[in-house]
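Written out below as structure tokens is the structure these notes cover.
The values are calculated or read from the model by the stated rules, or taken from the named source; none is laboratory data. Given the structure is predicted, the values throughout are model-derived calculations rather than measurements. Glycine also receives a Cβ, built like all others from the backbone with ideal geometry; neighbour counts cover every protein chain displayed. In case anyone asks, the SASA skips ligands and DNA or RNA and just uses the protein heavy atoms, side chains included. Shrake-Rupley method; radii C 1.70, N 1.55, O 1.52, S 1.80 Å.
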Amino acid sequence: MGFKLTPIDVVDNISCEDFRQYYLKPRRPLVIKNMARSWPAHNKWSLDYMKETIGDITVPLYDSSKADPAAPINAASTEMKFGDYIDLIKREPTDLRIFLFDPIKHAPNLLNDYIFPKDLMGGFLDKYPTMFFGGAGSETFLHYDIDMAHIFHTHFGRKHIILFDYKWKERLYRIPYATYALEDYSVEHPDTQRFPALEGVEGIECFLEHGDTLFMPTGWWHWMKYLDGSFSISLRAWDESWAVKAHSLWNLTVQRKFDNLMKARYRGRYMDWKEQLAVKRAEKALTKGLPR
């Protein structure tokens, strides 16, 4: 049977009081249909507009191949002129993606095209939010964000997303000292005979249309698939909890530095050990019936 997926809650609009009570405090995902409709970007931003605005810069690209054991996390697989990449994803499916891209640094006028949802919460982090581009069929591997921020993820196109609460991390075959899962199984079609701990894991599924905004609370695991050549912008905000802030600091400093050091020194042996430990921990969590 695989995962137990339920549809995400969807609203056209939401008050600050309802958002805080039903989604922010309990840290539950939500799709807000109309949040970005008041943005100039809603009707203005397109692949052609981005190509014209950002200019002829070279960008790193990421594919769906398994992570290199010796490479730092988020190491690019290749690079390309941004305009050529836009032409590629308009023309044909590709697994190449642009990840954590900062086009606003190159085109500051884009700052005028979107609005932080400060009517819903505070604590927003970035003057220059990051953007993500992908070709039809490209997938973002299952992971949670290393900085543990809340995310308002607005998509321009169509995207399929599956989300899991942080408490399921061991059952998802989390790689030790990392923020991503074992890359040997399909999130869309999990093989629970080979990966039995995935059976019964509860998740939330959503499909974003042009201009939809996904509120993704801190720590939520997410897998994403671009259904057409399209792009997103993510606005990040701190959780109010100091424990979450401390977890973020640990991830970004101690854990990341240790993991990169071990990768550089032991390469494949280190990755093999981590993958074996992920499987052992998943099987142990399944045997104990975790999480409860």
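Quick notes
- Pairing each residue of segment 251-272 that is within 18 Å of Leu182 (Cβ to Cβ) with any residue that is at pLDDT 90 or above and open to solvent by 50 Å² or more (accessible area, probe 1.4 Å), provided the two are 6+ apart or on different chains, yields C-beta distances under 8 Å for Gln255/Tyr177; Asp259/Tyr177; Met262/Tyr177.
- The residue list Thr154, Thr140, Thr192, Thr179 contains one member that is of a type in the set (S, T, N, Q) and open to solvent by 20 Å² or more (accessible area, probe 1.4 Å), which is Thr192.
- Selection status of Asp84, loosely packed, with under 13 Cβ neighbours inside 10 Å and either of a type in the set (Asp, Glu) or in contact (Cβ under 8 Å) with a residue 12 or more places away in the chain (or both): yes
- Qualifying strands (runs of 3 or more DSSP E) (wholly inside segment 158-224; at least 1 residues being over 15 Å from the mean Cα position of the chain (by Cα) and in contact (Cβ under 8 Å) with a residue 24 or more places away in the chain): 202-208
- Among residues of segment 104-130 that are in contact (Cβ under 8 Å) with a residue 40 or more places away in the chain and at positive phi, those with a beta-carbon under 7 Å from a residue that is part of a loop (DSSP other than H, G, I, E, B) and surrounded by 11 or more Cβ atoms within 10 Å (Cβ to Cβ) at least six positions away or on a different chain give the pairs Gly123/Trp238.
- Among the residues of segment 90-131, the ones that are within 19 Å of Trp39 (Cβ to Cβ) and assigned to a strand (DSSP E or B) come to 4 in all.
- Tally of residues being crowded, with 22+ Cβ neighbours inside 10 Å and under 25 Å from Phe3 (Cα atoms) across segment 224-236: 2
- Single residue of segment 256-289 satisfying the filter (at pLDDT 95 or above and among the hydrophobic types (A, V, I, L, M, F, W, C)) that is most open to solvent (accessible area, probe 1.4 Å): Trp273
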